[in-house]
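Peer 1: Take this structure, written in structure tokens, and hold onto it; I'll ask about it next.
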Amino acid sequence: MSLYEQVIQEFARQFSGQPTAVVRAPGRVNLIGEHTDYNDGFVLPMAIDRAAWIALRPRADARVCVYSPYFEQAITFALDDLETYRDGWIEYPRGVAWALTEAGHAITGWDGVLLSDVPVGAGLSSSAAVEMATARAFGVVSGFDWDAPTMAKLGQKVENHWIGVKSGIMDQMISASGRADHALLIDCRSLETQLVPLPAGTVVVVLDTATRRGLVDSAYNERRAQCETAARFFAVPALRDVTLAAFEDRASLLDANTRRRARHVISENERTLRAAEVMRQGDAVLLGQLMNDSHTSLRDDFEVSSDALNTIVDCARREPGCYGARMTGAGFGGCAVALVQAEAAESFASAVSVTYRNSTGLQPNVYVCRATNGAEVIA
Ligand code: ADP
Ligand code: MG
């Protein structure tokens, strides 16, 4: 049974009767462009065929009741009582209500079931999927227009100011504005976006190492500070403004650590723009090579990879039909992403599961993904 059918069935169980609308918003994976967002650079994520679904029906009062099968819990909150953050999963939908109200929308109540197959905490941004699906739900009930970038910024505000997570715009932007068979090039400075087609006959495979990052906050803050130091050295607002040629001219004057950090960011921006170009030409081989180069740079220059990530990337590249593989996300654990020939996807997935388990003793989670539409009203 599809998630669409399941969420409708669950709605009938929880609230009796039929929902008046069903919405969905996807999770995401970043193909290339890592640690570039806070340097005003470029990222290239795609929306995946795993999503948060909400089946809903308007209520007569100014309250929202959401049932989550994952948490086996129904929680009701009042739309005139959004002053303070509480706790738990409901704060994602509730935070969206808060941000919509802050933005001046007159929102109204609904009953809904929130069902998602984006794994929680696996690096595929289950939280952005919930936020964008909730924003869609409010849009349907309260009748405001859907503008993807506006809603993405609103979702980021929920993460930053309601939940308290320091994160960029990528997750919400791609969940709001993805398109089937396309990735989305995002300029993290201007927030301009461009859809870029995925090479025909390929799939994207997410490889979860089953390791989670430790010490990530301190390492992340240190990297950010090093990038800022480098930008000051080049006398620009952000490393986005330094070309590889300008970097190489003066790089020898930087201390070795700062030099390597800057080289990653500057070369990664160029790789990301180049990746969009070769995708427009349908060149899976070159895209795979750029992903491989990105991994090397993240491993050796930015130093945010890990043994588990390096191992799973090696396992992926050894399989036939793999064009390239790299770590994705902040690093130190979490997921890698591989570009694979569509017809080889299933054998690739099972082979990497075995070879990675044999070398590490860990059981990876493997998700074969296709690029889907961003947040949408289904019915
Ligand atoms: P991720 O990397 O998957 O986004 P986060 O910690 O940012 O991980 O967000 C996960 C949180 O999002 C969950 O703890 C929960 O509060 C909320 N969430 C995700 N999926 C669901 C769901 N199916 N039902 C209810 N809440 C969900
Ligand atoms: Mg999240």
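The values are calculated or read from the model by the stated rules, or taken from the named source; none is laboratory data. Predicted, not measured: the structure shown is a model, and the values here were computed from it. Please note: Cβ atoms are built from the backbone with ideal geometry, for glycine as well, and neighbour counts cover all protein chains shown. Heavy atoms of the whole protein, side chains included, go into the accessibility calculation; ligands, DNA and RNA do not. Shrake-Rupley method; radii C 1.70, N 1.55, O 1.52, S 1.80 Å.
Peer 1: Taking the Cβ of ILE186 as the centre, find all other residues whose Cβ is under 12 Å away and add up their charges (Lys, Arg: +1; Asp, Glu: -1).
Peer 2: -3
Peer 1: Mean residue ellipticity at 222 nm from the helices of the chain, using -39,500 (n - 2.57) per DSSP H segment of n ≥ 4 over the full residue count, to the nearest 500 deg cm²/dmol?
Peer 2: -13000 deg cm²/dmol
Peer 1: Sort 224-233, 30-39, 277-286, 131-140 by the packing proxy (mean of other Cβ within 10 Å over each peptide's residues), most packed first.
Peer 2: 131-140, 30-39, 224-233, 277-286
Peer 1: Just the number, please: percent antiparallel of the DSSP beta bridges in the stretch 199-369, rounded to the nearest 5.
Peer 2: The answer is about 100 percent antiparallel.
Peer 1: Which residue, GLY324, GLY121, GLY155, tops the fluctuation ranking in a GNM of the chain built on C-alpha contacts under 10 Å?
Peer 2: Highest fluctuation among the options: GLY121.
Peer 1: Additional query: Ignoring ligands, DNA and RNA, what percent of the accessible area of the chain is carbon or sulfur (1.4 Å)?
Peer 2: 47
Peer 1: Would you work out if the stretch 199-369 is rounded, prolate or oblate? Take a ≥ b ≥ c from the square roots of the eigenvalues of the alpha-carbon gyration tensor; rounded if a/c is under 1.5, else prolate when a/b is larger than b/c, oblate otherwise.
Peer 2: Oblate, since a/c reaches 1.5 and b/c is not below a/b.
Peer 1: Give the distance, in whole Å, between the Cα centre of the stretch 66-130 and the Cα centre of the stretch 165-215.
Peer 2: 22
Peer 1: Another question about this same structure. Might you tell me the accessible area per residue for the stretch 199-369, computed with a 1.4 Å probe and given in Å²?
Peer 2: Normalised by residue count, the accessible surface of the stretch 199-369 is 43 Å².
Peer 1: At a Förster distance of 56 Å, what's the computed FRET efficiency of ARG13 paired with VAL236, Cβ-Cβ distance as r, to 0.05?
Peer 2: Efficiency at R0 = 56 Å is approximately 0.45.
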